[in-house]
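**Q** Let me give you the structure first, and then I'll get to my questions.
Every number in this text was worked out from the coordinates using simple rules, so none of it is lab data. Bear in mind the structure is a predicted one, so any value in this text is a computation, not a measurement. Using ideal geometry, Cβ is built from the backbone for each residue, glycine included, and neighbour counts are taken over all protein chains shown.
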Amino acid sequence: MYKKGLYKVKSNNKIAKDVYEMVLEGDTKYITKPGQFINIKIDGLYLRRPISICEYDENSIKIIYKVVGEGTNLLSTFEEEKVLDILTGLGNGFETNNSGENPLLIGGGVGTPPMYELCKRLINEGKNVTVVLGFNSKEDVFYEEEFKKLGAKVYITTVDGSYGQKGFVTDVIKDLNDYTYFYACGPIPMLKAIYDVTVTSRRT
Ligand SMILES: Cc1cc2nc3c(=O)[nH]c(=O)nc-3n(C[C@H](O)[C@H](O)[C@H](O)COP(=O)(O)OP(=O)(O)OC[C@H]3O[C@@H](n4cnc5c(N)ncnc54)[C@H](O)[C@@H]3O)c2cc1C
């Protein structure tokens, strides 16, 4: 069930190239699972902009977004105390009870944020979590330390090799054999490539 509400911006800081972390204060009781998203109304724009929930508690939501166009550009200018009209409780979210003991979490670019709350939950449940994050370049990388602080084993890949392992998330995943389940969020080509190195290659 979704719910419309008013949320106050508590902080809005740049954390990587064109990438911002925003904390919002307001009612979170309709958020039920990691991996859900919110839909933000931005003054002057007809369509709401969907952004994944990175982390939440009883009265705050953290999101991470990349400036790619008009809506996210406006979002990046919002200061503390700005009030936003937001829909919460959207999306199915991730189940943690399928994960087995060694779940693998894969995030591509701004597909990384929803993995954070999921990682927190899985670690609180006593699971050994491995996280593989893929970015284009060093200046795009974010949340490596945050995932490490939760207790996850973290691999970073960059396409240009300027940070972490050179290449794509699949260059790391193809050599990982002991994960029990995987969760992924990112661009469709990344998801197709993950399918190829996990499901397809294990059938042959
Ligand atoms: C479920 C979900 C979760 C997401 N989570 C994240 C996240 O955590 N972080 C992140 O950085 N990005 C996330 N995105 C992508 C993010 O929603 C887009 O980058 C953002 O909407 C772009 O808006 P913009 O106005 O800046 O760009 P624009 O270039 O203005 O918009 C991009 C294009 O999409 C169109 N458009 C914009 N909004 C809508 C809409 N609601 N319906 C149909 N067309 C639309 C615009 O008209 C334009 O053609 C998510 C997307 C989805 C669907």
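**Q** Express as a percent, rounded to the nearest 5, the fraction of DSSP beta bridges in the chain (both residues included) that run antiparallel.
**A** 60 percent
**Q** Another question, if that's okay. Between the DSSP loop rule and a limit of at most 12 other Cβ atoms within 10 Å, which GluC sites (Glu not before Pro) in segment 48-82 are left?
**A** Here the sparse-neighbourhood loop sites are 58, 79, 80, 81.
**Q** Also: I'd like the FRET efficiency for residue 57 and residue 165, computed as 1/(1 + (r/R0)^6) with the beta carbon distance as r and R0 of 22 Å, rounded to 0.05.
**A** 0.10
**Q** Further, regarding this structure: Once fully extended, how much extra length lies between residue 47 and residue 14, figured as 0.36 nm per residue of separation less the alpha-carbon to alpha-carbon distance?
**A** So the extension gain works out to 9.5 nm.
**Q** Under a 5 Å amide H to amide H cut-off, with H placed in plane at 1.01 Å, what residues pair with residue 54 once short-range neighbours are removed?
**A** Close amide H contacts, sequence-distant or interchain: 62, 63, 64.
**Q** Report the net charge of residues surrounding residue 15, where surrounding means a beta-carbon distance below 14 angstrom and charges are Lys +1, Arg +1, Asp -1, Glu -1.
**A** Summing Lys/Arg as +1 and Asp/Glu as -1 gives -3.
**Q** Now a separate question. For residue 181 and residue 128, compute 0.36 nm times the residue count separating them, minus their Cα-Cα distance, and round to one decimal in nm.
**A** 17.9 nm
**Q** Sorted from largest down, give the three principal axis spans of the alpha carbons of the chain, whole angstrom values.
**A** 52, 36, 30
**Q** Name the GluC sites (Glu not before Pro) in segment 106-189 that are in a loop by DSSP and that have at most 15 other C-beta atoms within 10 Å, would you?
**A** Within segment 106-189, the qualifying GluC sites (Glu not before Pro) (loop, at most 15 other Cβ atoms within 10 Å) are 125.
**Q** Apply the Kirkwood formula to segment 43-117: the hydrodynamic radius equals the inverse of the mean of 1/r over all pairs of different alpha-carbon atoms; give it in Å with one decimal.
**A** 14.6 Å
**Q** To continue, here is another question. Given H placed on each backbone N at 1.01 Å, which residues far from residue 180 in sequence or on other chains put an amide H within less than 5 Å of it?
**A** The list, which skips near neighbours in sequence, is 102, 104.
**Q** Please state the shape class of segment 63-169: rounded when a/c is under 1.5, otherwise prolate if a/b exceeds b/c and oblate if not, all from the C-alpha gyration tensor.
**A** Verdict is oblate for segment 63-169.
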